Amino acid sequence: MPPEATPLLQAQGVDAGYGTMQVLWGVDLDVKSGETVLLLGANGAGKTTFLKSLVGLVEARHGSIALGGQNIAHMRSSDRMKLGMTYMSELAVFPDLSIEENILVGAQALGHANPRRRLDELYGLFPVLRDKRRDAASSLSGGQRKMLGIAKALAAEPKLLVMDEPSAGLSPLFVKEVIRILNGLQGRGIALLIAEQNIGFLEVATRVFVLEGGRIRFSGTVAEMTDNEALRRAYFGLK
């Protein structure tokens, strides 16, 4: 992305937490239109709290959050969605609903004008879901649930898809499949912000932010990260 491009998402100085426990301290992060940003960190680093502060599930105590240049820090989650942000949690789907119902819920969240057309488009991307469209989401394998979660999130045609640990609970084989799917989304005009601890997702990233102890410790390109000796040892040198 050109350096002068205005960020689609810009978070500056975000503090957040739960009750008396502060989890985030002054987090700065930005995502440009169409790019994929990886928020990398271990369990407990504050990744989920940060994503929830972006989508309005946790209130940011300090700092600013802008989407498309508009301040969203105090908006309801539903209003943030209307501006083009969707969120895929670790659970990703409604297990008691059918596959098709899950996708339609995603489309109707923004009052999609033609959800059936969107269904056909998404079945084209995920043909395995078409074959099982009447089945309950709970009947799917872990990898298939992630596919459904991605399809459900894409149903609203977001500008920005925020994903929390898409590799959670998956075998290495299915992690590779999710990475393949995300690679396939590039060039479709959708920006991705992916919180992960699995370094395999560096494969899809334009830039990477490293979160540790609720603070951003590094931001830059994947190449710059792999050239950083401390980060290389921390993320690539430990088994």
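Readers should treat all values here as calculations from the given coordinates under stated rules, not as data from a laboratory. No experiment lies behind these values; they were computed from the predicted model shown. A quick note on method: Cβ atoms are made from the backbone with ideal geometry, for glycine too, and the neighbour counts reach across all protein chains shown.
Which whole-number percent gives the relative contact order of the stretch 164-213, counting Cα pairs below 8 Å spaced six or more residues apart?
Working: 21 pairs, mean separation 24.0, N = 50.
Reported relative contact order: 48 percent.
Rounded to the nearest 20 Debye, what is the dipole magnitude of the chain about its Cα centre when Lys and Arg each give +1 and Asp and Glu each give -1 at the C-beta? Walk me through the intermediate numbers first.
On the way: 27 positive and 25 negative charges, 73 e Å.
My answer is approximately 360 debye.
Residues of the stretch 181-212 with an amide N closer than 16 Å to a point placed 7 Å from the Cα of residue 22 along the Cα-to-Cβ direction: 212.
Below 8 Å, C-alpha to C-alpha, sequence gap of six or more: please give me the relative contact order for the stretch 97-157 in percent.
RCO, the stretch 97-157: 58 percent.
Per the Debye calculation on the stretch 97-157 with a single equal scatterer at every Cα and no solvent contribution, log₁₀ I(q)/I(0) for q = 0.13, 0.22 Å⁻¹ amounts to -0.26, -0.76. Helices in the chain, meaning DSSP H runs of at least 4 residues, each add -39500 (n - 2.57). Divided by all residues, the mean residue ellipticity at 222 nm is -9500 deg cm²/dmol. Normalising the average separation of contacting C-alpha pairs (under 8 angstrom, six or more residues apart) by the number of residues puts the relative contact order of the chain at 27 percent. For the chain, dividing the convex hull volume of the Cα atoms by the residue count gives 126 Å³ per residue.
Rounded to the nearest 20 debye, the dipole magnitude of the stretch 97-157 is 80 debye, with +1 charges on Lys and Arg beta carbons, -1 on Asp and Glu beta carbons, and the Cα centre as origin. Output ³J(HN,Hα) for the stretch 218-226: one whole-Hz value per residue in order, computed from phi by the Karplus curve 6.51 cos²θ - 1.76 cosθ + 1.60 with θ = phi - 60°, and x for Gly and Pro. 3J(HN,Hα) across the stretch 218-226, in whole Hz: 7, 9, x, 6, 4, 4, 5, 5, 5. Taking all Cα-Cα distances within the stretch 138-239, those exceeding 16 Å account for 61%. Think of the chain as a dipole: +1 on every Lys or Arg Cβ, -1 on every Asp or Glu Cβ, centred on the Cα centre; then among 6, 70, 181, 181 lies furthest on the positive end. Amide H contacts for residue 218 (H built 1.01 Å from N in the peptide plane; partners 5 or more residues away or on another chain; cut-off under 5 Å): 210. Close amide H partners of residue 8, meaning residues 5 or more places away or on another chain with modelled amide H under 5 Å apart, are 31, 32, 33.
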